[in-house]
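Asker: Take this structure, written in structure tokens, and hold onto it; I'll ask about it next.
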Amino acid sequence: MENTKKYMNSYLAGVLLGVVILFSFYLTREGLGASGAYKRIAAEIENVVAPSYTHSENSHSSSYFKDGLNPLKNRLVFMVIGVFIGGFVSGTIAGRVKLTLEHSPRITSKKRAIAALIGGALFGIGASFGRGCTSGAGLDGMATLATSGFVVVMAIFGSGYIFAYFFRKLWI
């Protein structure tokens, strides 16, 4: 029989996420946001591959290294590491940790992986253009009652529903 342990109640999870965001503002004077961590990791990779370019004025990453700063010594990087560790611990406790690639019977694992990579890349590019990811732009914006936060979340879910219509045959 398949493991069918229940997930946390989504309303409770939403309230807990809101509390985490409020504590983040209270303790650090900043909200949450994962894309900043990935930008810092990319800056460090750029520094390893092309250090002279990274420290030049032409590089978008140069600001992460001003005054001898290390971009990886930032709370956002540690937050993302904590999210991965917490997710693994939670999954282990719930008995859900397994290496699998879930997909519809209508597509192959390879097609699913390619679609996920393309979607993730597009979302990352969008986060860069928007100067923040969903957690930074949407959740933090809504937590501070900023109109832009509500607009971002409506746009994200709205575009998700629109695109789901066109890609639904990959999942049904």
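Asker: Can you check what the Kirkwood hydrodynamic radius comes to for the range 33-98, Cα pairs only, in Å to one decimal?
Answerer: For the range 33-98, the Kirkwood estimate is 13.2 Å.
Asker: Assuming a viscosity of 0.692 mPa s and a temperature of 37 °C, what translational diffusion coefficient in µm² per second does Stokes-Einstein assign to the chain, Rh being the Kirkwood radius over Cα pairs?
Answerer: For these conditions, the coefficient is 173 µm²/s.
Asker: In degrees, nearest 10, range 0 to 90: what is the angle between the Cα axis of helix 35-49 and the longest Cα principal axis of the chain?
Answerer: 60 degrees
Asker: Let me check against my output: what whole-number percent is the relative contact order of the chain, with C-alpha pairs under 8 Å and at least 6 apart?
Answerer: 24 percent
Asker: Turning to a different aspect of this structure: Which order do LEU72, LEU145 fall in if you start with the one that has the fewest other Cβ atoms within 10 Å?
Answerer: Result, fewest neighbours first: LEU145, LEU72.
Asker: Can you compute the FRET efficiency between THR28 and LYS169 using 1/(1 + (r/R0)^6), with r the Cβ-Cβ distance and R0 = 41 Å? Round to the nearest 0.05.
Answerer: In this case the efficiency is close to 0.40.
Asker: Let me ask another. Using Cα atoms only, what is the angle between the long axis of helix 75-94 and the major principal axis of the chain, expressed in degrees (0 to 90) to the nearest 10?
Answerer: Helix 75-94 sits at roughly 20 degrees to that axis.
Asker: Still on this structure: Leaving out same-chain residues fewer than 8 places away, which lysines sit with a Cα under 17 Å from that of LYS39?
Answerer: Of all the lysines, those that pass the test against LYS39 - Cα under 17 Å, at least 8 places apart if same chain - are LYS66, LYS73.
Asker: Which ordering of THR134, THR28 is given by a fewest-first count of other beta-carbon atoms within 10 Å?
Answerer: THR28, THR134
Asker: On to the next question. Between LEU12 and PHE129, what length comes free when the chain is fully extended (0.36 nm per residue of separation minus the Cα-Cα distance, one decimal in nm)?
Answerer: Length difference between fully extended and current span is 38.9 nm.
Asker: So which lysines pass the test for LYS111, namely a Cα distance under 16 Å, with those fewer than 8 places away in the same chain ruled out?
Answerer: List returned: LYS169.
Asker: Between 0 and 90 degrees, rounded to the nearest ten: what's the tilt of helix 10-28 against the longest Cα principal axis of the chain?
Answerer: Roughly 10 degrees between the two axes.
Asker: Now, a different point. Can you tell me how the range 60-135 classifies by the Cα gyration tensor, rounded, prolate or oblate, using a/c under 1.5 as the rounded cut?
Answerer: oblate
Read the figures in this text as sums done on the coordinates, not as results from a lab. Keep in mind it's a predicted model, so treat the numbers as computed, not measured. Every residue, glycine as well, gets a Cβ built from its backbone with ideal geometry; the counts of neighbours run over all protein chains shown.
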